[in-house]
1. Which is farthest toward the positive dipole end of the chain among 76, 251, 65, measuring Cα position about the Cα centre, with Cβ charges +1 (Lys, Arg) and -1 (Asp, Glu)?
2. Name the most mobile residue of 260, 288, 23, meaning the one with the largest mean-square fluctuation, in a Gaussian network model of the chain with Cα contacts below 10 Å.
3. Suppose every Lys and Arg Cβ carries +1 and every Asp and Glu Cβ carries -1, with no other charges. What dipole size does segment 3-287 come out with about its Cα centre, to the nearest 20 debye?
4. For the chain, what does the alpha-carbon gyration tensor say about shape, rounded, prolate or oblate, given a ≥ b ≥ c as the root eigenvalues, a/c under 1.5 as rounded, and a/b over b/c as prolate?
5. Can you compute the modelled spin-label distance between residue 11 and residue 76, with each label point 7 Å from Cα toward Cβ, in nm?
Amino acid sequence: MSIERGRGRVAGLPTWDRCAVMGVVNVTPDSFSDGGHWFNTAAAVKHGLTLVAEGADLVDVGGESTRPGATRVDETEELKRVIPVVRGLAAEGVTVSVDTMRASVAEQSLAAGAALVNDVSGGLADPAMIPAVAAAGAPFVVMHWRGFLAGGNVRGVYADVVREVVDELHARVEAAIDAGIAADRIVVDPGLGFSKDPAHDLALLAHLDRLRGLGHPLLVAASRKRFLGHVLAGAEGAPPPARERDAATAAVSAIAAQHGAWAVRVHEVRATADAVRVARAVEGARTGGPSGTAGRPAAEGAR
Ligand code: PMM
């Protein structure tokens, strides 16, 4: 089976002949790596459209920081941040994903035109989430999550991180299917950096095949994360700031694409859009199949 055939398709979403690129728009004042920059509706919509022009296939809109120790925003504020941006991007024909742990935000985003619900808690933070997604018939990202992190990383203890993440994701996927979400609408994500240290993140990236063994399309979200800072710093050095981790992020995108990820979630799209196309071309050369005909969108002028 070629990587392409094994990459999987998500019912209810467009299909791509390569790893898809999910661009991130965080409508938050305090997000981990790009917070504060797109913190109003017009700027956030404009940024989402720029990401599409640069090669994003989907745009993930979030209104709540998932940074360790971040205080939760209340529901009204999250709705106020997210819904107009979802509506604005969907009206422009963008395939929008909503990054939320709240069923109400997911429901209203779907009503406003979102195509996919991305819940970093895998449905654990809000018991109404999975029933709401099931009722709407929407695709759902189940991320590996061990709970909110308020000080310390007490939940990040593993005897075998790959096995435990696979088993815990499997349990969440079963729960989602039992509650009525169609199996062909479920995407899995190892949740890099969530209750995981750099060695855990690297072990998961080294075993993407085991995650793909879950039998669902795989989303990899490494963008600007702490483990990349750790890798770039080396043994003694100080990690570069989040915004200086984009080349490293694109390297992970190439690795993820080569190992059959369905999509990668990134803040800086251009380099990753190139990386997934190169991975597709190499895959085509290896299998003798097509090398991927769709080039980058017309971002040339903007480069
Ligand atoms: N990470 C963040 C936010 N949303 N969604 C998924 N599916 N997987 C992730 O790993 C993930 C996510 C945190 O990163 P950010 O605040 O820099 O966007």
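1. 251
2. Highest fluctuation of the listed residues: 288.
3. Computed charge dipole of segment 3-287: roughly 420 debye.
4. Taking the square roots of the gyration eigenvalues as a ≥ b ≥ c, the chain is rounded.
5. Placing both labels 7 Å along Cα→Cβ, they lie 3.9 nm apart.
Just so you know, all these numbers are worked out from the coordinates, no wet-lab data involved. All figures in this text were calculated on a predicted structure; none of them were measured in a lab. When we count neighbours, we look across all protein chains shown, and the Cβ atoms used for this are built from the backbone with ideal geometry, even at glycine.
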